[in-house]
Amino acid sequence: MKKYSKTIFEIILHGVVWIFVMLFPFLFMDFDKPHPPMFDNWMEMLLVMVIFYLNYFLLIKRYLFNHRLYTFIGWNLLIFVLAIVLTLNLGLGSIEGPKMKDHHKMEFHDEFKPDKAPLDMIITRNLFPFLLSLGVAVAIRATVKSNKEETERKKLENERLKSELSYLKYQIQPHFFFNTLNNIYSLIDTSPQYAKEVLHRLSKLMRFVLYQNNEPEVLVKDEITFIANYVELMKIRTQHNVSISIEIPQTVPDVRIPPLIYISLVENAFKHGIDPVKTSVIRIWFSVTDNKLLFEVANTNFPKAQKDKSGSGIGVANVKKRLEYLYSPEEYIFEQQCVGDYFITKLTIPINHG
């Protein structure tokens, strides 16, 4: 139905444009003449329309867009020659004026017969409308092609980002899931009540990863709760030398954001911010202000050794790509920098209350 409506709109648009072009000569009409200029040039206008639609529907797509430039030029030269021949045979190349009897006198006849214009004048007269018609056809087709390619590119980019998001989802699951299960197993004997609490948090976290984030957007409060559960589960795997805190706003607006935006950044903090012996700190902070969601994570900076190839880094790269796809550059802020002994990541994204 949508495609049918678009076709009808294009037909109407073409009709309106051609009516305007054909009536345009009336703006310069000499009303003393017995015939308006439209009736003098209607066959020439018809030839222009034929040239336009031959290129619009056939030649541009078949030859020009398939990198067959010389064939495209050849066909248009042939069309132009045929148009000149038709102009001559149909008497469209005539010029009005009195017959010259000699160099000094002009003789007017009762029945006026126009003179035939010279061939060079006919070529010159038809060249501009031909080139204009050809240029407009190429411009329209090129614009349509460019818009279509951009739409397809965005569609493919979206599909690729969905695939990377799915990969990220499964990347989170294995090592974190099994390590947490091992921690729960060790807690069953020493602290069964705490083991139950941890298992409950893990089930909620995995439910979010597996099901809720299949939607293009999730509630802000669900995303923040997911991060909070992740942090609490990570605490049971850390030593006493690690200080971990997370600040969450008391009231969170009932709005939606893309899922799994923050998990890679938080994972990165745990990956690079903890040392087995040295004092380590991880601070996570969420805030809502002026229709924006602010996120910041600061961690002590213990970079991995060059030989340590654990983690492909796809998480943070995925976040950057998704941000570029979802928002214009003016809508979000993503910064990562070292400040003293800390590595700080900041992300600000818009939230729509409507």
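Report yes if N76 is at pLDDT below 70, surrounded by 15 or more Cβ atoms within 10 Å (Cβ to Cβ) and part of a helix (DSSP H, G or I), otherwise no. Judged against the criteria, N76 is not a match. In segment 161-201, the residue that is surrounded by the fewest Cβ atoms within 10 Å (Cβ to Cβ) out of those that are modelled with pLDDT of 75 or more and basic (K, R) is K196.
Checking T190, T180 one by one, the residue that is hydroxyl-bearing (S, T, Y), touching a residue at least 24 places away in the same chain (Cβ under 8 Å) and more than 29 Å from C338 (Cα to Cα) is T180 and no other. Scanning segment 275-298 turns up at least one residue that is of a type in the set (D, E), part of a strand (DSSP E or B) and touching a strand residue (DSSP E or B) at 6+ places or on another chain (Cβ under 6 Å). Of all residues in segment 228-274, those satisfying the criterion of being farther than 29 Å from Y332 by Cα, at pLDDT below 90 and part of a loop (DSSP other than H, G, I, E, B) are I236, R237, T238, Q239, H240. Condition check for P329 on (1) assigned to a loop (DSSP other than H, G, I, E, B); (2) farther than 20 Å from P258 by Cβ; (3) at pLDDT 90 or above: one failure, at (2).
The values are calculated or read from the model by the stated rules, or taken from the named source; none is laboratory data. Keep in mind the model is a prediction, meaning the values are calculated, not measured. So basically every Cβ, Gly included, is an ideal-geometry build from the backbone, and we count neighbours across all protein chains shown.
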